[in-house]
Every structure is written in C-alpha cells, then in structure tokens.
Amino acid sequence: MHDQFNASEWMLDRHVAAGDGQRVAVRCEGESLTYEELQGLVSRTAGALRAIGVRSEERVAMAMLDSVEFISVFLGAMRIGAVPVPMNPLLPGRDLGVIVADSRARVVVVSDEKSAAIGELKSGAPELEHVVTTGNRGDSGATMSWAAFQEGEGDQSLYPTSAESPGFWLCTSGSTGHPKLAMHRHGDLRVTYDTYARNVLEVNSDDRFFSVGPMFHAYGLGNSISFPFAVGATSIIESTRPPTPQLVADIVTTEKPTLFFCIPTFYAALNAASLPADTFASVRWGASAAEQLPAETFLRFEENYGVTILDGIGSTEMLHIYMSNSAEHRLPGTSGVPVPGYEVRVADEAGSDVAAGEPGQLLVRGDSTATGYWCRSETSRSTFVGEWLHTGDLYTRTDDGFHTYLGRIDDMLRVGGEWVSPAEVEGVLISHPGVLEAAVVGERDESDILRPIAYLIPAGESQLDPEELTQFCRERLAGYKRPKRFEIVAELPKTATGKIQRYKLRA
C-alpha cells in the first residue's frame, strides 16, 4: 500500500495545522486571502462537487480564467480524489466541447466572463450533466450560479489518495495541432517543487510569486499554485484583464513580487515598452519557459531592468521545468543544464547518444513524468518510451553540459542538403534593433526548392527594410540559412502560452 498523500492537503491544511493560517496565500486585484480562508473555500468547493455527484477519479472540466475560484475548483476536486481538467478558457465553445467530451467529464466549471461559450460547449459534450458558472446567473437549471453551487452540503472530508493516485489532467499546448490530455498524479506537484522550485529558485515562505503565464497551463500552474503553496508563500494573480506591458508593470510595482515568471515574447514586449528602470526592483529572479529565450532578449532585460532571467525548458508531460539556467550556471541563449532530479540525453534516431555539438532529439526522465495521454495509446507508446520521454525537441549540448534549442524536429528545414534551425535564424533576426519578434518557416519556391522565409513583428515604429535585413543576415548567417523573403506582420499565431504555431504559418 502507498502512504497517504493528497496535494490539496499538502498545499493548504499542513500550513494551517502548523499555525500559519493567517499568512496571505493569494493577492488578487488588491484583495487578500489567507491560508485559513483559502482552505475553507477549497473545502466548501470539495463538498459542493460531492453534492452534485462527483466521485473519486471522475473528471471535472474547467474553462476558467486565473482566479481564486480556479484555485478552489482545482484543489477542491483533488481534495475528494476527483481529477480536475483545466482547459484554455479563450478557446471557442466548440473546441472546449471537444475536450470535455474527450475527458468524459460530467461537470464543467466556467468563468462568468466566458459564459457565452456554454451553449456551443454543451452541444459538443452530450454526457455533460452540470454546468457551473462563477457568476450569479442561472439559466432555468441548465447552469448553476457560483452562489448556488457553494451552498451544496456534500461531504468535505479528504479522500485518502496517495502520491500515485490520479491527480489532474493537462491539455498539451497545441503548438502542433489539437491538444492531448496528459495524465498526472498527486505526487507530481510535490516533485516539481522538490526539483526546480527548491533547487533552482530557492523559494521560501517570504516569496511573492507573479506569473504572466496562465494557471491552466503547466508552467503557470506551478508558478501560481503549487510553488507558492508548497512553502506557505503568496501568489499574486490577475483575474480578468489580458496582460499588457503596462498592466504587468503596474502589478509588479504595486505588489512587489520577488519571483517573476514570463515567456520570451512577453519579455521582448517589456523590453520594447521603455518602462522605468526600477519597475522590477523587487524581483530576485525572472524565469522564462515555453520557447527559447533569445540571448538578445536576456541581455536587454538585464540591462534595462537589472534582473537576470533564468531560462529553461519544461513541458506539459513533465509538468514543469526540468532543465534550466541557474544562479551558479547560466549561459544566455541556452536552456541551461538538467535540474537536479532529472536526467537528459541528446540522441540520434537510433536512440544512441550523440557527441557534443551534434544535433539530436532531447530525451528526459524524472519522477514528474505524466503516466501517458488519455485515450492516445499509439502516441503514448512513441512518446513515453520506458523511463524516457521523447520530447520532439532538437538540441545540441556543449562539453560542459549546456543545451541549446534548435527547434521542434518537425520544424527543422532541409535546405540544399543542410539542416537549418528556425530558432537559430530567429535569434539572429531578434538581435536586430528593429525586430520585436520573428518566426521562420520553410516555403517551396517556383523550382520546388525549400527556402527559409521569415515573419517579423517590428519593434515600436520601426520601418523594416528587406534589403537591409538581408545584409544584416548576410553578415551573421551562412547562405543557406538566410531567409529568402521577409513578411512584416502585426502578430504571429501562438498558443495561449506563447508558443508560435508554425504549422499555421506554413499553411
């Protein structure tokens, strides 16, 4: 038998039992919630879920913006042994319905701001029995208001789960197509704290966490929930307004976080925003994930605001960051070295390790690995191979263990018999002072020869000249790596977590 472990109890009850119930757990739009108050809300939500018939290991779908209600549903479901399934609330209702139907959830909780999507969501999920909104509007029994839901008087007691018990499912980001559901255990949350949060960030109970990345994604889930609650610290959340550089700056200067979590494209936007130099004065470390952080973005942010960014790589399947730069070991433009507790390899198609400097697929293993994808057996078998997760990311490593991202294997370009890394070309383009963001894909010319082309977002009011960009690349890239065409665009297609959807550009 496994020892009892419930992630909800670990993150809340033990702090209250230790006499820390009056510590501030959450700051949201100027309001505070203590650990004791949050424990009470989570317990009521757990009882409310039981009152509408949710049983252990049943799924509870969530189309929710970052909020106190999100935390209460996620931890309330885990408290009773049920399995929360956070989804991207910005998806249209029809897409949410597909995920709900795939998960076989009978209950979905929807943020009031997204209630217009409920009709389409329900039409795509015929097994759905209960829809709860975080607002106070009901629809003749078709939906349940948050107030009515919270009045449910179900059993609030803790379900006797273990670290191995089914905990929660997360949607993969969808950077290459439709999302899959990665299945995680209760104990996986503790593992990512023990490895990355404790060893790399050195978190403590006095820290204040602020994440631009949303909670429904693995990165934001750790940043805003499991890491701060693991040590009895404070999570700063923004519930409804989409992030902009000015909004983030206002929150940072008001709430004074000590740890700041962001994605590379937003760090670039912060650099371009010309904010006051002391905006991030309270921040001990910045963290970055989702895409490779270009060295130029790293250096500009450190120069502009005096904050060092610890770039790393994680995945939904591994739950959080498993390779990272750190205070002791950092090299701009790389994903750093393996986080203590994880092992990585760079391997060829046959599964053999390649020499330093040679490209290969990144493989990783560690205790936070998902148990597989829900109802995707073929994909699970090709991704989770023994103890090793095949990431699909192409990397090189140096002799001293630093790893450099080259791109997704499917994104690599074969030009004139030579491999071209979109990430390398994008890094050069972003170093141009007039370029804010870049994405490189392949396009076949009139002779059916594959050539790199670049989609660029200008920085500020910059006017980008293709001839000048060509000369800029000529001085920095081999001929076959240079983009043959530049497209100036206002935005790039991305997932909600900031990953560029190159398959849409190719289409």
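The values are calculated or read from the model by the stated rules, or taken from the named source; none is laboratory data. This is a predicted model, so every value here is computed, not measured. Cβ placement follows ideal geometry from the backbone for every residue including glycine, while neighbour counts extend to all protein chains displayed.
Can you name the residue in the stretch 229-280 that is outside any helix (DSSP H, G or I) and β-branched (Val, Ile, Thr) and is also farthest from SER72 (Cα to Cα) among such residues?
The extreme case among them is THR279.
What do you reckon, is ALA148 out of contact with any strand residue (DSSP E or B) (no Cβ under 7 Å at 6 or more places or on another chain), crowded, with 17+ Cβ neighbours inside 10 Å and not in a strand (DSSP E or B)?
no
Collect the residues in the stretch 337-360 that are crowded, with 18+ Cβ neighbours inside 10 Å and out of contact with any Asp or Glu (no Cβ under 7 Å at 6 or more places or on another chain), keeping them in residue-number order.
Across the stretch 337-360, the qualifying residues are VAL337, PRO338, VAL339, TYR342, VAL344, PRO359.
In the stretch 1-36, how many residues are closer than 22 Å to SER211 by Cα and not polar (S, T, N, Q)?
Qualifying residue count, the stretch 1-36: 15.
So in the stretch 166-211, with the set limited to residues that are more than 10 Å from the chain's Cα centre (by Cα) and among the β-branched types (Val, Ile, Thr), which one is surrounded by the fewest Cβ atoms within 10 Å (Cβ to Cβ)?
If we take residues in the stretch 166-211 being more than 10 Å from the chain's Cα centre (by Cα) and among the β-branched types (Val, Ile, Thr), then THR176 is surrounded by the fewest Cβ atoms within 10 Å (Cβ to Cβ).
Report whether or not GLU291 is of a type in the set (Asp, Glu), surrounded by 19 or more Cβ atoms within 10 Å (Cβ to Cβ) and at pLDDT 95 or above.
Taking the combined requirement at face value, the residue does not satisfy it.
All but one of (1) among the hydrophobic types (A, V, I, L, M, F, W, C); (2) farther than 21 Å from HIS15 by Cα; (3) surrounded by fewer than 24 Cβ atoms within 10 Å (Cβ to Cβ) hold for PHE216; state the number of the condition that does not hold.
Going through (1) among the hydrophobic types (A, V, I, L, M, F, W, C); (2) farther than 21 Å from HIS15 by Cα; (3) surrounded by fewer than 24 Cβ atoms within 10 Å (Cβ to Cβ) one by one, PHE216 breaks only (3).
Can ARG330 be described as surrounded by fewer than 18 Cβ atoms within 10 Å (Cβ to Cβ), farther than 28 Å from VAL68 by Cα and basic (Lys, Arg)?
yes
Taking the criterion of being modelled with pLDDT under 95 and among the polar types (S, T, N, Q), would at least one residue in the stretch 76-90 satisfy it?
Yes; the residues of the stretch 76-90 include at least one that is modelled with pLDDT under 95 and among the polar types (S, T, N, Q).
Go through (1) touching a His at 6+ places or on another chain (Cβ under 6 Å); (2) closer than 28 Å to LYS180 by Cβ and name the single condition ALA77 misses.
The single condition ALA77 does not satisfy is (1).
Sort out which residues of the stretch 231-273 are among the small types (Gly, Ala, Ser) and surrounded by 23 or more Cβ atoms within 10 Å (Cβ to Cβ), and write them in order of number.
SER235, ALA268
Looking only at the stretch 31-68, how many residues end up being in contact with a helix residue (DSSP H, G or I) (Cβ under 8 Å, 6 or more places away or on another chain), not in a strand (DSSP E or B) and not small (Gly, Ala, Ser)?
15
Just need a number here: residues in the stretch 388-415 that are exposed (fewer than 15 other Cβ atoms within 10 Å of the Cβ) and touching a Gly at 6+ places or on another chain (Cβ under 9 Å).
The qualifying residues number 4.
Among the residues that make up the stretch 456-463, is at least one of them in the same structural domain as ALA423 (by TED's automatic domain parsing), touching a residue at least 40 places away in the same chain (Cβ under 8 Å), under 17 Å from PRO294 (Cβ atoms) and surrounded by 19 or more Cβ atoms within 10 Å (Cβ to Cβ)?
No.
Taking strands (runs of 3 or more DSSP E) that do not extend beyond the stretch 419-493, which have at least 2 residues that are of a type in the set (Val, Ile, Thr)?
It comes to 435-444, 450-458.
Pull up the stretch 92-133, narrow it to residues that are acidic (Asp, Glu) and under 22 Å from the mean Cα position of the chain (by Cα), then point me to the one that is surrounded by the fewest Cβ atoms within 10 Å (Cβ to Cβ).
Result: GLU113.
Which members of the stretch 312-344 meet the condition of being more than 15 Å from PHE402 (Cβ to Cβ) and among the charged types (D, E, K, R)?
If the condition is that a residue be more than 15 Å from PHE402 (Cβ to Cβ) and among the charged types (D, E, K, R), then GLU317, GLU343 are the ones that fit.
Return the only residue of SER380, SER368 being touching a Gly at 6+ places or on another chain (Cβ under 6 Å), of a type in the set (Ser, Thr, Tyr) and crowded, with 17+ Cβ neighbours inside 10 Å.
Residue meeting the stated conditions: SER380.
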